[in-house]
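Note sheet for the following structure.
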Amino acid sequence: MNTVVVEHVSKRFGPTEAVKDVSLHVAPGEIFGLLGPNGAGKTTLIRMMLDILRPDQGRIAVFDGPMTEAKKDRIGYLPEERGLYADIKLMNVILYLASLKGLKRKEAARRAETYMRQLNLWEHKDKKLRQLSRGMHQKAQFIVTILHDPDLIIVDEPFSGLDPVNTQLIRDILLGLREAGKSIIMSTHQMHQVEAMCDRIALIHHGHNVLDGPVMAVRRQFAGNSVTVSGSGPFATLPQVQHASQRNGSWHLLLAEGVTPQTFLRDLAQRDDCQVEQFAVALPSLHDIFIQIVGSDNGEAAVD
């Protein structure tokens, strides 16, 4: 049984069609990456999954049926915007919000201490939220999201405001929750995290689901349009290159549409200003695929 099923869902706000005939599913024990540029319709889709908004067309099933109040207690949602009470002490906020999910105070306090120690927040438990840094706010809100042990976890930009150490801590917890059989929907612009963590993805653009599938299958689908090159020369600015990034001393180049690795290598061999030491066809990164699909056609819609 899939945890979430979205079938041919559409949502309009006046003249703006924010979501257009989107279908996807999320299974237990997987991290599902919900991707797209700003204004693509991701947040609208999440709000429909949570029954905050109702679709104009289509069907959404959560835990094998329509949303109910009981099912909401099985869901944890980390929105991109911070929404905790600024003038209440951190521990009191966590315990209060846990009680709204039906968690007994003693058990909530035990779990809260465990997570706060794990995320280096324990010494700040008696501080008011307005006294905490942006990163501490993010970690506190993450604790609130998972404290009641939800079966479906939806996190929107979970690493926002976090340094590399705290990013790794949050990442490890999410991976552990996946191993425990939880369904996790992660929306983020950090493509390297998606590539490292997600089992499957869907890319939403202008309200449409334009790409979906297992991460490695998606990367293989776009193989043949990316190469790695070692050597010297103006590789990043060549007209055949759509996007370039340097990794471990080599150039990773996303080739422009219509340019094959074979023709590109032949062109390089004819240039006096390029010296090629190594050349290989590469699996493109999700970042490169995102750039290729969205490209310059990235006008922001009125609704996300």
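The values are calculated or read from the model by the stated rules, or taken from the named source; none is laboratory data. Keep in mind that this is a model prediction, so the values were computed, not measured. Please note: Cβ atoms are built from the backbone with ideal geometry, for glycine as well, and neighbour counts cover all protein chains shown.
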Q: Scan the stretch 85-116 residue by residue and report those that are part of a helix (DSSP H, G or I) and under 15 Å from H137 (Cα atoms).
A: L90, M91, N92, V93, I94, L97, A112, Y115, M116
Q: Look through the stretch 181-190, keep the residues that are buried (at least 19 other Cβ atoms within 10 Å of the Cβ) and of a type outside the set (D, E, K, R), and return whichever of them is farthest from V6 (Cα to Cα).
A: T188
Q. Cβ-Cβ below 8 Å, separation at least six or inter-chain, first residue in the stretch 62-84 and under 13 Å from V155 (Cβ atoms) and outside any loop (DSSP other than H, G, I, E, B), second hydroxyl-bearing (S, T, Y) and at pLDDT 95 or above: which pairs?
A. G76/T145; Y77/T145; L78/T145
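Can you spot a residue in the stretch 211-223 that is modelled with pLDDT of 90 or more, in contact with a Gly (Cβ under 9 Å, 6 or more places away or on another chain) and within 27 Å of E179 (Cα to Cα)? Give the derivation first.
If we filter the stretch 211-223 for residues that are modelled with pLDDT of 90 or more, which is where we start, we get 211-219.
Next, from what is left, pick out any that are in contact with a Gly (Cβ under 9 Å, 6 or more places away or on another chain): 215.
Then keep just the ones that are within 27 Å of E179 (Cα to Cα); that gives 215.
Taking every residue of the stretch 211-223 in turn, at least one turns out to be modelled with pLDDT of 90 or more, in contact with a Gly (Cβ under 9 Å, 6 or more places away or on another chain) and within 27 Å of E179 (Cα to Cα).
Take R47 and decide whether it is more than 25 Å from A140 (Cβ to Cβ) and either buried (at least 19 other Cβ atoms within 10 Å of the Cβ) or assigned by TED's automatic domain parsing to the domain that holds M191 (or both). Don't jump to the end; show me each part of the working.
Numbers: more than 25 Å from A140 (Cβ to Cβ): no; either buried (at least 19 other Cβ atoms within 10 Å of the Cβ) or assigned by TED's automatic domain parsing to the domain that holds M191 (or both): yes.
For R47, the condition - more than 25 Å from A140 (Cβ to Cβ) and either buried (at least 19 other Cβ atoms within 10 Å of the Cβ) or assigned by TED's automatic domain parsing to the domain that holds M191 (or both) - is not met.
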Q. Which ones in the stretch 231-287 are of a type in the set (K, R) and either in contact with a Ser or Thr (Cβ under 9 Å, 6 or more places away or on another chain) or touching a residue at least 12 places away in the same chain (Cβ under 8 Å) (or both)?
A. R247, R271
Q) Any chance the stretch 193-203 includes a residue that's touching a strand residue (DSSP E or B) at 6+ places or on another chain (Cβ under 9 Å), of a type in the set (V, I, T) and part of a helix (DSSP H, G or I)? A) yes
Q. Of all residues in the stretch 239-264, which are surrounded by fewer than 16 Cβ atoms within 10 Å (Cβ to Cβ) and of a type in the set (S, T, Y)?
A. S245, T260, T263
Q.
I need every pair where a residue in the stretch 211-230 that is closer than 22 Å to D21 by Cβ and acidic (D, E) has its Cβ under 6 Å from the Cβ of a residue that is at pLDDT 85 or above and part of a strand (DSSP E or B), sequence separation at least 6 or different chains.
A. D212/A202
Q) Looking at A223, A196, A236, which is the one that is aliphatic (A, V, I, L, M), out of contact with any Leu (no Cβ under 9 Å at 6 or more places or on another chain) and surrounded by fewer than 16 Cβ atoms within 10 Å (Cβ to Cβ)? A) A196
